[in-house]
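My questions will all concern the structure given below.
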């Protein structure tokens, strides 16, 4: 590789990284704006459907996408619009202005949302430690579902660090919450089984005394 080709490659890489940085910066602020609870804020009305999903669950293991996900249908109108308005639309504008950088990022965005988001990276409670100091995966993003005023960044953590909204959870805190939730659920089921047994016993006694 000659010097001129190397220089062109470096210039292209800098431009690609700059567009990626711009994209994630816009994502950060749109996501943060989506958490302004106001009846005139359509982004909040759309985004709250995402927070209604039970992402802290024991079955949150990587799995193959559904047919709808290949078509960018993420489980509902608001769930799909949430990603399209906050992530896809800003990137489409970048691709219109700088297609040489934006189109490869659009391809990356599609494959990321279809194959790597959901329980593979974003909502995977088994991703902990140093990796979550750089990328908004696992514990970092799941903590946002616990504290809605922290960890707004998607894909990367740099903007939370710069704007003071980072809150680092204890490593493995998400798995601990899942375990605690399962224990509460099992206790509730045990109480329900006990109450049902007591009711059935009382009914049998009544029948025998009749």
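Residues in the stretch 163-181: is at least one assigned to a helix (DSSP H, G or I), modelled with pLDDT of 75 or more and assigned by TED's automatic domain parsing to the domain that holds residue 124?
The answer is yes; a qualifying residue exists.
Mind telling me which of the residues 14, 26 ends up being more than 19 Å from the chain's Cα centre (by Cα), at pLDDT 95 or above and assigned to a helix (DSSP H, G or I)?
14
Now for a separate question. So residue 8 ticks every box in (1) under 19 Å from the mean Cα position of the chain (by Cα); (2) free of Cβ contacts under 8 Å to residues at least 12 places away in the same chain; (3) not in a loop (DSSP other than H, G, I, E, B) but one. Which box is left unticked?
(1) is the only condition that residue 8 fails.
Kindly provide the set of residues from the stretch 67-100 that are at pLDDT below 95, assigned to a loop (DSSP other than H, G, I, E, B) and surrounded by 13 or more Cβ atoms within 10 Å (Cβ to Cβ), ordered by number.
72, 73, 74, 75, 76
OK, next. For residue 103, state whether it is surrounded by fewer than 16 Cβ atoms within 10 Å (Cβ to Cβ), at pLDDT 95 or above and in a helix (DSSP H, G or I).
Yes, satisfied.
The values are calculated or read from the model by the stated rules, or taken from the named source; none is laboratory data. The shown structure was predicted, so the numbers you read here are calculated from the model rather than taken from an experiment. Positions of Cβ are generated from backbone atoms using ideal geometry, with glycine treated the same way; all protein chains shown enter the neighbour counts.
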